[in-house]
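Written out below as structure tokens is the structure these notes cover.
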Amino acid sequence: MNIIKTSIADVIIFEPKVFGDDRGFFYESFNANVFEQATGLNPQFLQDNHSKSAKNVLRGLHYQIEQAQGKLVRVTQGEVFDVAVDLRLSSPTYGKWESTILSGENKRQMWVPPGFAHGFLVLSDTAEFLYKTTDFYAPQHECCLKWDDPTVAIKWPTSASPLLSAKDSLGLSLQDAKKFA
């Protein structure tokens, strides 16, 4: 597995070694030892989620202040622009964001630690998005950072207005959003 460091030290991209032939392919999508060596963490993943979205759907930027979730995210079909925003007030990268393209073709994964808002924009006709979380979904603790907050200034790769859920359209600015200590 190739470990790719990003401009935010705690956000890491994992690129698997894919073994393919005329029958198809095989790759190891998760290895606890490799994950621990790369992150220094040995989390217990408690929940797996799977979504399918159409082109130009933007999901996020979601996080939970209580029951904060670390997320190991990947795409099995299609392509997305995946984003993590640091909401840890004590962090030197507070308010900064990191992104990568995740796709069924590149088979990359991104580790989004607790303390970050997370979201993605679907670039292909459809995309299937899978993620492991370190804590359970708790709707009573869910928060949403505004996807187009000018202070954060994410450079989304679209000129069209993305398709948002009603909940995501009510996201708060960085200034008004709840933050981590």
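The values are calculated or read from the model by the stated rules, or taken from the named source; none is laboratory data. Computed from a prediction, not measured in an experiment: that's the story for all the values here. Cβ atoms come from the backbone with ideal geometry, glycine included; neighbour counts cover every protein chain shown.
Residue-level check: of (1) more than 25 Å from Lys5 (Cβ to Cβ); (2) buried (at least 22 other Cβ atoms within 10 Å of the Cβ); (3) out of contact with any helix residue (DSSP H, G or I) (no Cβ under 8 Å at 6 or more places or on another chain), Ala84 misses just (1). Selection of the range 18-46 for residues being of a type in the set (Gly, Ala, Ser), exposed (fewer than 13 other Cβ atoms within 10 Å of the Cβ) and touching a strand residue (DSSP E or B) at 6+ places or on another chain (Cβ under 9 Å) yields only Gly20.
Is one or more of the residues making up the range 78-93 touching an Asp or Glu at 6+ places or on another chain (Cβ under 6 Å) and in contact (Cβ under 8 Å) with a residue 40 or more places away in the chain? Looking for residues that are touching an Asp or Glu at 6+ places or on another chain (Cβ under 6 Å) and in contact (Cβ under 8 Å) with a residue 40 or more places away in the chain, one finds at least one in the range 78-93, hence yes. For Ala177, the requirement of being outside any strand (DSSP E or B), at pLDDT below 95 and of a type outside the set (D, E, K, R) is not met. Selection of the range 145-176 for residues being β-branched (Val, Ile, Thr) and closer than 18 Å to Phe116 by Cβ yields Thr151, Val152, Ile154. Please enumerate the residues belonging to the range 24-39 that are among the hydroxyl-bearing types (Ser, Thr, Tyr) and either at positive phi or in a helix (DSSP H, G or I) (or both). Across the range 24-39, the qualifying residue is only Thr39.
Quick one: is Trp147 closer than 19 Å to Val57 by Cβ and in contact with a helix residue (DSSP H, G or I) (Cβ under 9 Å, 6 or more places away or on another chain)?
yes
Checked against the criterion of being farther than 17 Å from Ile3 by Cα, of a type in the set (D, E, K, R) and modelled with pLDDT of 95 or more, the candidates Lys71, Lys96, Lys107 yield just one match: Lys96. Those residues that are more than 20 Å from Lys96 (Cα to Cα), crowded, with 19+ Cβ neighbours inside 10 Å and touching a His at 6+ places or on another chain (Cβ under 8 Å), I need them from the range 132-167; list them, please. Within the range 132-167, none qualify. Residue pairs whose Cβ atoms lie under 9 Å apart, sitting 6 or more positions apart in sequence or on different chains, and linking a residue in the range 132-143 that is closer than 29 Å to Asn31 by Cα and in contact (Cβ under 8 Å) with a residue 60 or more places away in the chain to a partner that is of a type in the set (Gly, Ala, Ser) and outside any helix (DSSP H, G or I), are Lys132/Gly70; Thr133/Gly70; Thr134/Ala68; Thr134/Gly70; Asp135/Ala68; Asp135/Gly70.
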